[in-house]
Amino acid sequence: MKIGASTLAGLENGLEETLDFIETLGIEYAELVHQFPTEYPVKDVLESYNLKYSIHSPFMDVNIASLQEKSRVNSVGQIKDSIDFACEIDGEAVVVHPGLASFLASKYFLSDVYNYANESIREIKKYGDDAGVLVTVENMPDFDAMIYKDVGDLNSFLVGLDMGMTLDVGHAHHMKYSPDEMIFDSIKHIHLHDNSGDDDSHLAFGEGNIDLKYIINTLEDKKYKGIYIIEVNDLDSVEKSYKYLKKNFKI
C-alpha cells in the first residue's frame, strides 16, 4: 500500500513543519495543497525531505465550471500550473475539483454548468496527457453548490475520457453511498477520512461510521495501485489515522 497525508492537516502550522511531521511518522507520500498559503512551494525545500508527492490543485476561488468564460479560463490555467509543478517535482498524481454551480446557475443553467465543467476537464486531461502526468477528478460531498456529487455519473464521464477518478470516501459516504457502491475501475487515487454521514467532517479514521476496512480490502483485492491519502483536519488526526492503518493493514 502507498500511504500519504495531505498538507491540508497542517495549513496553520506551515509547510515545512507539516512535512517534518509526515516524514517523522514514516509516511511515504505528502499531498501538497497547491494554493494559498502554499501556492509557491520551493522545490529545493521539497527535495530536502525523504518524501514522494502528489498535488491537490487549487480549489479556493477556482471554478472550472464557471459560466463566466474569463473565470473558467483562469481557473483551468491554475490547474495547468499544478500539472506543470507536478512535472517539476515528479509528482505522482494531480487532483482536480470539478467545479461549482452558483445559486442562479444551479437554478436556471445547471446543464450549462456541467457542459462547461466537462469542457474544462477534457482540456485539463489533454494537458496532463501531453505532460505525462496522471490527472484525476474528485467526487464532491452533498453540498448545494457542488457538482459531480454522484460518483456513478462522474465515473461514467471519466470512463468515456479514459481518465482517472480520485475517490473521496468521506464525500461518497456523505452522499449516502454504501461501501460497495463506491468502487469503480476508474479509481486511480484515494482520499480517506471519516464522518458519520451528516457532514463532510474529515475526521480521523475510526471516529465516524464509514466501513473503511471493507473499502480498503476491496480495493486491495482489485489490485489498486494508487496512493491512499489521509485527508483529515489536523496533524493529530493524521497520526491517529496512520496508526489505524498500521493496526488493520499490512503497510
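Yes or no: the range 116-130 includes at least one residue that is of a type in the set (D, E, K, R), in a loop (DSSP other than H, G, I, E, B) and in contact with a helix residue (DSSP H, G or I) (Cβ under 7 Å, 6 or more places away or on another chain). Within the range 116-130 (the criterion being of a type in the set (D, E, K, R), in a loop (DSSP other than H, G, I, E, B) and in contact with a helix residue (DSSP H, G or I) (Cβ under 7 Å, 6 or more places away or on another chain)), the answer is no, since none of the residues qualifies. For the range 136-181, a residue qualifies if it is part of a strand (DSSP E or B) and either open to solvent by 40 Å² or more (accessible area, probe 1.4 Å) or modelled with pLDDT under 95 (or both), and exactly one does: Met146. With respect to (1) open to solvent by less than 50 Å² (accessible area, probe 1.4 Å); (2) touching a Lys or Arg at 6+ places or on another chain (Cβ under 9 Å); (3) not in a strand (DSSP E or B); (4) not polar (S, T, N, Q), the lone exception for Tyr228 is condition (3).
Cβ separations smaller than 8 Å between residues 6+ apart or across chains give the following pairs from the range 24-51 residues that are more than 16 Å from Asp84 (Cβ to Cβ) to residues that are of a type in the set (Lys, Arg) and open to solvent by less than 80 Å² (accessible area, probe 1.4 Å): Glu28/Lys2; Tyr29/Lys2. Leu46 falls short on exactly one of the conditions (1) among the hydrophobic types (A, V, I, L, M, F, W, C); (2) open to solvent by 10 Å² or more (accessible area, probe 1.4 Å); (3) more than 16 Å from Val137 (Cβ to Cβ), and that condition is (2).
Restrict the check to the range 98-117 and report whether at least one residue is free of Cβ contacts under 8 Å to residues at least 60 places away in the same chain, among the basic types (Lys, Arg) and under 14 Å from Met146 (Cα atoms). Yes, that holds for at least one residue. Looking at the range 1-114, the helices (runs of 4 or more DSSP H) lying wholly inside it that each contain 2 or more residues that are closer than 25 Å to His193 by Cα sit at 15-25, 69-89.
Yes/no matrix, rows are residues, columns are (1) in a helix (DSSP H, G or I); (2) among the basic types (Lys, Arg); (3) under 16 Å from Gly170 (Cα atoms):
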{"residue": "Phe184", "(1), (2), (3)": "no, no, yes"}
{"residue": "Phe205", "(1), (2), (3)": "no, no, yes"}
{"residue": "Ile215", "(1), (2), (3)": "yes, no, yes"}
{"residue": "Glu220", "(1), (2), (3)": "yes, no, no"}
{"residue": "Val238", "(1), (2), (3)": "yes, no, yes"}
{"residue": "Lys243", "(1), (2), (3)": "yes, yes, no"}
{"residue": "Ile251", "(1), (2), (3)": "no, no, no"}
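Within the set of pairs 6+ apart or on separate chains, which have a first residue in the range 55-82 that is within 15 Å of Lys126 (Cβ to Cβ) and at pLDDT 95 or above, a second that is among the basic types (Lys, Arg) and buried (at least 19 other Cβ atoms within 10 Å of the Cβ), and C-beta atoms under 7 Å apart? Pairs found: Ile64/Arg72.
The values are calculated or read from the model by the stated rules, or taken from the named source; none is laboratory data. In this text the structure is predicted, and so the values were computed from the model without any measurement. All Cβ positions, even for glycine, are placed from backbone atoms using ideal geometry, and neighbour counts span all protein chains on display. The protein model used for the area step is the full one, side chains on, heavy atoms only, and it has no ligands, DNA or RNA in it. Shrake-Rupley method; radii C 1.70, N 1.55, O 1.52, S 1.80 Å.
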